[in-house]
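Read-outs: derived from the displayed coordinates by stated rules, not from any lab. The structure displayed is predicted, hence computed values, not measured ones. With ideal geometry, Cβ positions are generated from the backbone for all residues, glycine too; neighbour counts draw on all protein chains shown.
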Amino acid sequence: MRGLVATHGGIGAELVEVVTMIMGPAEGLAGLSNHGKSASDLTVEIASWLRGDADPSASGMEPAIIFIDDYGGSCANAAQLACRPGDPVAVVSGVNLAMLLGFVTWREELDLDELVQRLIERGRTAITRLGPVS
Amino acid sequence: MTVVLARVDDRLIHGQVTVGWCQQLRPDRLLLANNAIAADPWQSRVYASSVPPRTEVSILSIAEAVALLKDPEVGREKVLLLTGSLPEMSDLIHLGAPIARVNLGGIHVSPGKRELLPFIYLDDLDVRALCRMLAAGVSIFAQQVPGGREFSLGPREIRDMGGAC
């Protein structure tokens with residue numbers, strides 16, 4: 001299972017960098033920025049990543065999750081438009097570090113739908129208020 | 001129908017529009033004029049899903065958009081009009097859409113385009129479209145988001161880009 005973190009600015013690449021600092025090298029997990037790109041260029045770039053064009057570890061269209069930072073943005077639009085009907089691809093918004101750590105941990109154990117469900121739960125669980133109210 | 005913003009943005013419906021400009025201008029309708037997307041139900045659905053709640057969205061061909069914008073029966077709705085390119089905006093104006101001012105919001109780098117501003121790159125077709133709009137009395141400004149710096153574009157700036165108008 002491959003993963004692409006497609007976000008505004010450098011958030012995606014930084015999240016991937018932090019994941020590898022914690023978990024070690026994460027093959028098939030990449031960051032992508034929308035910076036300076038039109039909707040059509042971004043769509044083409046994501047479609048190319050899905051086909052594994054520039055990734056020697058990819059063998060054609062593998063199952064993949066595209067993580068985006070927020071829906072209703074250029075990354076969300078491009079991620080959806082880059083998928084064709086029947087592609088084994090899920091687009092998940094609201095990416096955070098906990099979600100990506102879960103992805104690297106569980107991606108070989110679960111199928112795409114189960115993994116997506118688990119990651120959404122993991123990402124949501126990480127959003128919480130900590131400590132006593134002072 | 002009042003066009004509160006006519007914007008050229010090759011990212012079409014995205015955060016700078018739906019969060020930035022829509023929160024500032026509170027349009028009743030977001031109108032995307034694009035022949036290819038209007039003809040494709042899947043693309044239309046993806047773009048329509050990015051629009052904030054309480055804002056209507058129409059994704060129409062250039063000709064349909066002009067007809068809607070000129071229709072006297074359509075009340076006093078506030079419309080935020082979007083195209084993905086300068087020639088499309090110029091076509092809308094040429095066909096009679098009531099637009100006095102055009103915002104260049106984002107035209108990103110691609111082969112054959114030269115930098116005017118970090119978020120605006122133009123090729124010869126873009127410069128020709130700008131000249132045509134200026135000749136029609138339309139004023140042009142570049143600005144990414146509300147509160148961001150506004151750059152007014154006239155014949156001099158366009159000459160500097162290699163245009164003759």
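With a ≥ b ≥ c taken as the square roots of the eigenvalues of the C-alpha gyration tensor of the stretch B:1-100, please select rounded if a/c is under 1.5 and otherwise prolate if a/b is larger than b/c or oblate if it is not? Judged from the Cα gyration tensor, the stretch B:1-100 comes out rounded (a/c under 1.5). For the peptides B:139-146, B:47-54, B:122-129, residues were scored by their other Cβ atoms within 10 Å and the scores averaged per peptide; the highest-first order is B:122-129, B:139-146, B:47-54.
Using the Cα centre of chain A as the reference point, and only Cβ charges (+1 on K/R, -1 on D/E), how large is the resulting charge dipole? Debye, rounded to the nearest 20.
Values: 9 positive and 17 negative charges, 70 e Å.
My answer is approximately 340 debye.
Among the GluC sites (Glu not before Pro) in the stretch A:76-134, those placed in a DSSP loop whose Cβ has at most 15 other Cβ atoms within 10 Å are A:108, A:109.
Packing around the peptides B:148-154, B:92-98, taken as the average count of other Cβ atoms within 10 Å per residue, puts them in this order, highest first: B:92-98, B:148-154.
Is the shape of the stretch A:2-125 rounded, prolate or oblate, going by the alpha carbon gyration tensor and its root eigenvalues a ≥ b ≥ c, with a/c under 1.5 for rounded and a/b larger than b/c for prolate?
Details: a/c = 1.34, a/b = 1.21, b/c = 1.10.
It comes out rounded by the Cα gyration axes.
Sequentially through the stretch B:160-165, phi angles give Karplus couplings (6.51, -1.76, 1.60; θ = phi - 60°) of 4, 8, x, x, 10, 8 Hz, Gly and Pro residues having no value and appearing as x. When the Cα gyration tensor is reduced to axis lengths a ≥ b ≥ c, the ratio a/c is 1.5 or higher for the stretch B:44-165, and with a/b above b/c it is classed as prolate. Counting Cβ atoms of other protein chains within 10 Å of each Cβ in A:33-42 and taking the mean gives 6.
Extending 7 Å from the Cα toward the beta-carbon at both residue B:78 and residue A:109 defines two label points whose distance is 5.2 nm. Each Lys and Arg contributes +1 and each Asp and Glu -1, all at the Cβ; summed about the Cα centre of the protein assembly as shown, the dipole is approximately 980 debye. Measuring r between the beta carbons of residue B:109 and residue B:40 and using R0 = 22 Å, the FRET efficiency lands at 0.30. Farthest towards the positive end of the charge dipole of chain B, among the residues B:23, B:95, B:136, is the Cα of B:23, using unit charges on the Cβ of Lys, Arg, Asp and Glu. The Cα-based radius of gyration and maximum Cα-Cα distance (Dmax) for the stretch B:98-148 are 11.5, 32 Å. Taking the longest Cα principal axis of chain B as reference, the axis of helix B:124-135 is set at about 80 degrees. Summary value for the stretch B:2-160: 28 percent relative contact order, contacts being C-alpha pairs under 8 angstrom separated by 6+ residues.
Other chains' Cβ within 10 Å of A:72-85 residues: what's the mean?
Other-chain Cβ atoms within 10 Å of each residue's Cβ, averaged: 5.
Positive end of the dipole of the protein assembly as shown (Cβ unit charges, origin at the Cα centre): among A:31, B:165, A:96, the Cα lying farthest that way belongs to B:165. Relative contact order of the stretch A:2-125, please, whole-number percent, based on alpha carbon pairs below 8 angstrom and at least 6 residues apart. This gives 25 percent for the stretch A:2-125. Using bins of 5 Å that start at zero, the share of Cα-Cα pairs per bin across the stretch B:1-60 amounts to 4, 18, 33, 28, 14, 3, 0, in whole %.
The alpha carbons of the protein assembly as shown give a radius of gyration and a Dmax of 21.3, 67 Å, in that order. Each part gets one Cα centre, and for the stretch A:58-119 versus the stretch B:20-39 those centres are 28 Å apart.
Treat every Asp and Glu Cβ in the stretch B:2-160 as -1 and every Lys and Arg Cβ as +1, leave all other atoms uncharged, and give the resulting dipole magnitude about the Cα centre to the nearest 20 debye.
On the way: 17 positive and 18 negative charges, 76 e Å.
Result for the stretch B:2-160 is approximately 360 debye, rounded to the nearest 20.
Estimated from the Cβ-Cβ distance and a Förster radius of 25 angstrom, the FRET efficiency linking residue B:150 and residue A:53 is about 0.05. Other protein chain C-beta atoms within 10 Å of residue C-beta, averaged over B:30-36: 0. Computing FRET efficiency as 1/(1 + (r/R0)^6) for residue B:95 and residue B:48, where r is the C-beta to C-beta distance and R0 is 22 Å, gives about 0.40.
How much of the DSSP beta bridge set in chain B is antiparallel, as a percent to the nearest 5? Please list the in-between numbers first.
Values: 6 of 29 bridges.
For chain B, the DSSP antiparallel bridge percentage is about 20.
Once both labels are positioned 7 Å from their Cα atoms along Cα-to-Cβ, the gap between residue A:87 and residue A:17 label points is 2.7 nm. Looking at the stretch B:77-163, the DSSP beta bridges with both ends there are about 55 percent antiparallel.
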